[in-house]
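The structure under discussion appears below in the form of structure tokens.
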Amino acid sequence: METNPSNVATNLKVIAHLKGNKLAFKKIILAKQPTKEGLCKVYVQIRVKSEKIRFGNKPIPPARIPTDIFCLPKDWSKASESIKATDKDYINKNTAINVVKNEVETFFLNQSQQRTLPDFKRYDQLKKLIPEEKQIRPDLVDYCQQYIDYRISGGTTAIGTITNFKNLKNRLQGFQTASSKRYFFEDINTVFADNFRQYLFDADLAKNTIFASFELLIVFLNHFYARRAELGISLSDQFKQKGWKGVKKSFTKPNPLNALEIQALLKYKPTNDQQPYYDLMILQIHTALRFSDVTRLTKNMVDNDFLVISPQKTQHTKPDNEIEIPLLPVCKNILKKYKFDTLHLNIKKGTYNTKIKEISAAAFAKAKLEEIQVTKKPTNKTAVESTEVKSKLLTSHNLRDTALSMMVINKVDFHTILSIAGQSSYEILKLYVKTDRKYRYEEIRRTYASV
């Protein structure tokens, strides 16, 4: 049974970058699409052999290239893929068909290597063989997957960042489904932003999640905007305009551990199951490393008493983001235990945050500390503000808060704090540092004590 061409996504922009040995070539007719005279056009069909080769989350359907040769269905041999001798001009027609097939096969078999992205110069040559109306274009969801593949192939993007882009792709897919429409780069304007934002609000997502979705969308769009001429993409710069996101980020207040809580943790004896998570917690408290960095430490990052590392989070936004962090003996001893390799621990962020809560609650209880009640912000537009004991709200981010807050309280100069944090702005420290009223009062009193 032949497939109706209106249902076939002839995605030559994807097929065009595959090597010939990844493809199968076949001569076919569309018996169910005859002309008024009852004739059927002969095509060269290009099919991807393996279903494992996909574009985005979809298998790649066959592409058909017309030969401009016609025959009656009864004169076509499916077995030999040729016109039978019952057609008076079968010799000339078969010769013309084979010329097109040889041209197509030569195009692909001359490819020397498979590429992550299509070779668009070669595609420009190939697309001359197929009518424009038969080509179904990749949409925003397809290009988002292409961008995810690009980031994965680079080998330097954090797993969490890849997950965030996958979530963006799923939200774009959901938006398309809800809109009953496929979106393309030329649709990126203020109306698109308004509609996409409303879709996310209707999905009951938190404002910060919506803000983050737009941040990721802009990164993805910027990638293709820079390549728009090369790829033949029609994409305006409206997404670069101030206010295009239409939602502001609300910053979560720092929630560091205080001195008594840190002492309780340091004295705590973890179980065997808790040990690797506990060790990472102690490392974070003493180094201010993010989760994405503390879980990928290797021996070549250690230089005597310093840890020299380029934080994953800022490697795409800062040209020179290398930082040096002093390694105290407690940190060195932990790293020695794991042969200076935390990557092999294969700790997932969700599991780590769960263990942080478990270990902190156990440590505070062991030290007979009365847990502090912390205000819990609503997670989405329908939730209400509530309070919760501190240990149940702790995450790896709060351990970074703890390290930087302790540096401020113990009067480490701000230049050193910024260099360890991998930041260049004093303003950004508000996200990490928290000091209480007693500390602030004593600092001012001490400043004027000698006056």
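Coordinate-derived values only; no laboratory data. Source: prediction; values computed, not measured. FYI the Cβ positions are ideal-geometry reconstructions off the backbone, even for glycines, and counts take in every protein chain you see.
At a glance:
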{"item": "Karplus-derived 3J(HN,Hα), 6.51/-1.76/1.60, for each residue of segment 258-272, Hz, glycine and proline x", "result": "8, 4, 5, 5, 5, 4, 4, 5, 5, 8, 6, 9, x, 6, 4"}
{"item": "Filtered trypsin sites (Lys or Arg not before Pro), segment 239-342: DSSP coil and at most 14 other beta carbons within 10 Å", "result": "LYS242, LYS248, LYS249, LYS339"}
{"item": "29 Å Cα-Cα threshold exceeded, pairs from LYS332/LYS366; LYS207/LYS313; LYS355/LYS438; LYS242/LYS355; LYS22/LYS88", "result": "LYS355/LYS438; LYS242/LYS355; LYS22/LYS88"}
{"item": "Interchain or long-range residues, amide H under 5 Å from PHE306's placed H", "result": "LEU327"}
{"item": "For segment 140-240: span of alpha carbons on each principal axis (Å, largest first)", "result": "35, 31, 23"}
{"item": "Separation in nanometres of the label points that stand 7 Å from Cα toward Cβ, at ILE372 and THR387", "result": "1.4 nm"}
{"item": "Estimated vicinal HN-Hα couplings, Hz - segment 25-42 in sequence order (Karplus 6.51, -1.76, 1.60; Gly, Pro = x)", "result": "10, 8, 9, 9, 10, 9, 4, 8, 10, x, 6, 4, 7, x, 8, 10, 7, 8"}
{"item": "Rounded Å value of the spacing that divides the Cα centres of segment 291-314 and segment 145-194", "result": "30 Å"}
{"item": "Alpha carbon centroid spacing (whole Å) that separates segment 317-348 from segment 198-252", "result": "33 Å"}
{"item": "VAL104, VAL389, VAL191 arranged by Cβ crowding within 10 Å, fewest neighbours leading", "result": "VAL191, VAL389, VAL104"}
{"item": "Distance violations [Cα-Cα > 30 Å] among LYS348/LYS390; LYS240/LYS349; LYS169/LYS348", "result": "LYS240/LYS349"}
{"item": "Inter-probe distance in nm under a simple model that places probes 7 Å from Cα toward Cβ, at LYS84 and THR351", "result": "6.4 nm"}
{"item": "Amide H within-cut-off set for ASN321, under 5 Å, with H built and near neighbours excluded", "result": "none"}
{"item": "For peptides 179-186, 167-174, sequence by mean Cβ density within 10 Å, most packed first", "result": "167-174, 179-186"}
{"item": "Protection proxy ranking, peptides 139-145, 93-99, average beta carbon neighbours within 10 Å, highest first", "result": "139-145, 93-99"}
{"item": "Difference of contour (0.36 nm per residue) and Cα-Cα distance, PHE414 to ALA259", "result": "53.8 nm"}
{"item": "ASP341-THR209 FRET efficiency (beta carbon distance; Förster radius 35 Å; 0.05 resolution)", "result": "0.55"}
